[in-house]
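Undergrad: Got a structure for you, questions after.
FYI, it's all coordinate maths here, none of it is from the lab. As the structure is a computational prediction, the values presented were derived from the model and not from experiment. Virtual Cβ from ideal backbone geometry, glycine too; neighbours counted across all protein chains shown.
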Amino acid sequence: MGARKILESREEFPEKKDGPAALGRGSRWRRWLANLLLLGFSMAITLSITEVLLHAYFPFEDTTLQLDPRYLHRFKPNSQEIYWFSEANGGKRLIAKVNAEGRRGELVDMDRPRILVYGDSFIAAMFSPMKEWFTYQLEQKLKDKLTPSPQVVNCGVQGYGPDQESLVMEDEIDRLKPRLIIISIYTSNDFGDLLRDKIYKLDQKMQLQDNRYTLDPFLVRKFYEAEHLPRSYFARMVQKGWQMIFHPENEPDDPTGGAYMDAALRDSQSEYKDYVIDGNNSVKNLLHDHYDADVSLTPNSDSAQYKRTLMDRVIEKMKRVADAHSVPLMLVIVPAPFDIVDNYALTVDTKKYPEYRRSELSDIVEGIAQKYDIPYVNLYKPFREHGAASLYFVVDNDHWNAAGEQLAADLVADYIKQHRFETH
């Protein structure tokens with residue numbers, strides 16, 4: 001074929017776009033797609049590894065708690081949360097775990113004699129590694145004092161009051177068959193818990209009666225949100241960011257110094273009016289406690305007298321339940337650092353509140369124990385003599401520290417030995 005024919009044939013059949021230029025563009029597209037897929041794969045691997053590491057070292061739980069129809073709330077089995085200490089308290093990180101039974105510590109061993117210890121976060125020990133817990137140290141100290149050595153079961157729950165403890169104790173006593181029950185009373189806020197929880201109230205004859213409470217919808221929503229967090233940490237971060245932007249809940253900062261006591265007194269009076277005077281049975285607050293300023297600063301006020309009587313009746317109920325099952329009951333009275341530590345961050349202006357006595361709250365609980373012939377260990381005096389400032393965290397945490405837990409365990413173990421409780 002001549003040159004002209006060749007040219008004519010090319011004009012008749014134009015060159016297809018599969019030449020070198022087109023091949024170059026296709027190759028670049030494939031390389032770009034391959035890089036994109038590689039990037040996506042790398043990101044997926046990175047995110048997966050990050051998720052695993054976060055789950056292992058930084059458990060992302062809003063709460064280890066869940067609502068309960070009888071106790072208001074309880075620990076969520078097999079849950080954990082992380083707590084960061086402030087720099088003033090060491091700046092360390094602590095992972096608090098809850099076991100499969102919904103308790104802190106080891107599972108109940110039904111082959112050993114058992115001592116059940118009920119209380120709030122002081123007993124639950126959310127701010128201490130296990131070997132520093134009051135319950136753990138008490139068990140270790142009793143190994144040398146009692147044979148066979150009992151298991152000390154940590155029945156503490158964060159945010160609990162004596163009313164909730166009375167119900168749990170009543171429900172567990174037959175099943176766990178303890179040889180001794182210890183109730184820890186934290187005098188700083190346990191009186192107020194009885195009004196905030198609204199489980200019991202006093203009738204016209206000032207006798208204890210059950211109360212039909214309801215749960216505030218906002219409280220239910222907060223627990224629901226914590227219960228239904230996404231499994232993915234990144235999804236949780238997005239969810240939290242969304243809530244912060246579109247549903248901000250800016251709570252006011254807690255007052256400090258003398259302003260704290262004034263605010264605590266106002267809150268105490270408001271809670272009394274809400275529940276006792278106005279008859280509001282909606283439970284709004286389970287975890288945000290404050291100092292029982294009305295009982296301490298204005299001991300002759302109506303709210304203080306009501307709370308003292310309500311505490312008396314709740315402890316009396318515990319005593320009746322324990323007696324009905326032939327189980328010894330004892331109290332451990334834990335003072336507030338506000339009352340016992342000199343020059344604490346939060347102090348009482350005695351000129352403004354002249355009726356205030358440091359030992360008032362502890363003395364009330366001791367008097368109730370004596371009234372019902374309940375054995376007790378009041379930590380107020382020995383803590384004060386030991387130098388109470390060394391037994392509590394500081395500034396932003398009013399719980400006892402490792403030294404406080406150890407001293408309390410020493411005192412309670414000695415008391416148990418001296419009074420020859422039938423724990424075996």
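Undergrad: Fewest Cβ neighbours within 10 Å first, please rank 142, 202 accordingly. Could you put the intermediate results ahead of the total?
TA: Values: 142 22, 202 17.
Starting with the residue having the fewest Cβ neighbours, the order is 202, 142.
Undergrad: Report the extension gain between residue 38 and residue 214 in nm, rounded to one decimal, defined as 0.36 nm multiplied by the number of residues separating them, less their alpha carbon distance.
TA: Details: separation 176, 0.36 × 176 = 63.36 nm, distance 5.49 nm.
Full extension from residue 38 to residue 214 adds 57.9 nm.
Undergrad: Which trypsin sites (Lys or Arg not before Pro) does segment 369-424 hold that lie in a coil by DSSP with at most 10 other beta carbons within 10 Å? Numbers along the way, then the final one.
TA: On the way: sites: 371, 384, 417, 420; in loops: 420.
Filter output for segment 369-424: 420.
Undergrad: Continuing with the same structure: Residue 143 to residue 109: extension gain in nm, 0.36 nm per residue of separation minus the Cα-Cα distance?
TA: Details: separation 34, 0.36 × 34 = 12.24 nm, distance 1.54 nm.
Difference between extended and current length: 10.7 nm.
Undergrad: Among 68-81, 391-404, how do they line up by average Cβ neighbours within 10 Å per residue, starting with the highest?
TA: Details: 68-81: 16.8, 391-404: 18.9.
So the peptides 68-81, 391-404, ranked by packing, come out 391-404, 68-81.
Undergrad: Right, here's the next one. Measuring from label point to label point, each 7 Å out along Cα→Cβ, what is the residue 278 to residue 28 span in nm?
TA: 7.2 nm
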